[in-house]
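This report refers to the structure that appears directly beneath it.
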Amino acid sequence: MMINVFSYTCIGVGIVFWFWGTSHLLGKRSVLFKLHSLSVADTLGSMSIIVGLLLKIPSEWPLLILAIISLAIWNTMLGYVLAYCSSSGGNHE
């Protein structure tokens, strides 16, 4: 019973992070700030949802742990690439 409550809480927090990250797209900040906010919120939201699923279906733990690791690596690398592309204004000679 308590695991179900915690599982649904994690899933709910993840959905809130998704919407919170999307809400930053409507602001007047730079595109890179918006993209960074969206990326961080989506990563945290997705990881929270996966943790909720892990509590709900523990028999699938290898795939869910792989999903968490993949999210962390992919979004970290994407952040570095975007920062590099934006730092020199697109001229990489």
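Residue 7 satisfies every condition listed in (1) modelled with pLDDT under 95; (2) of a type in the set (S, T, N, Q); (3) in contact with a Lys or Arg (Cβ under 8 Å, 6 or more places away or on another chain) except (1).
Applying a threshold of 7 Å to beta carbon distances and a minimum spacing of six or more residues, or different chains, the list of pairs starting in the stretch 59-80 at a residue that is among the aromatic types (Phe, Trp, Tyr) and ending at one that is part of a helix (DSSP H, G or I) reads 61/54.
The values are calculated or read from the model by the stated rules, or taken from the named source; none is laboratory data. Bear in mind that the values here come from a model prediction, so they are computed numbers and not experimental data. Because the Cβ atoms are built from the backbone with ideal geometry, glycine has one as well, and the counts that use them run over all protein chains shown.
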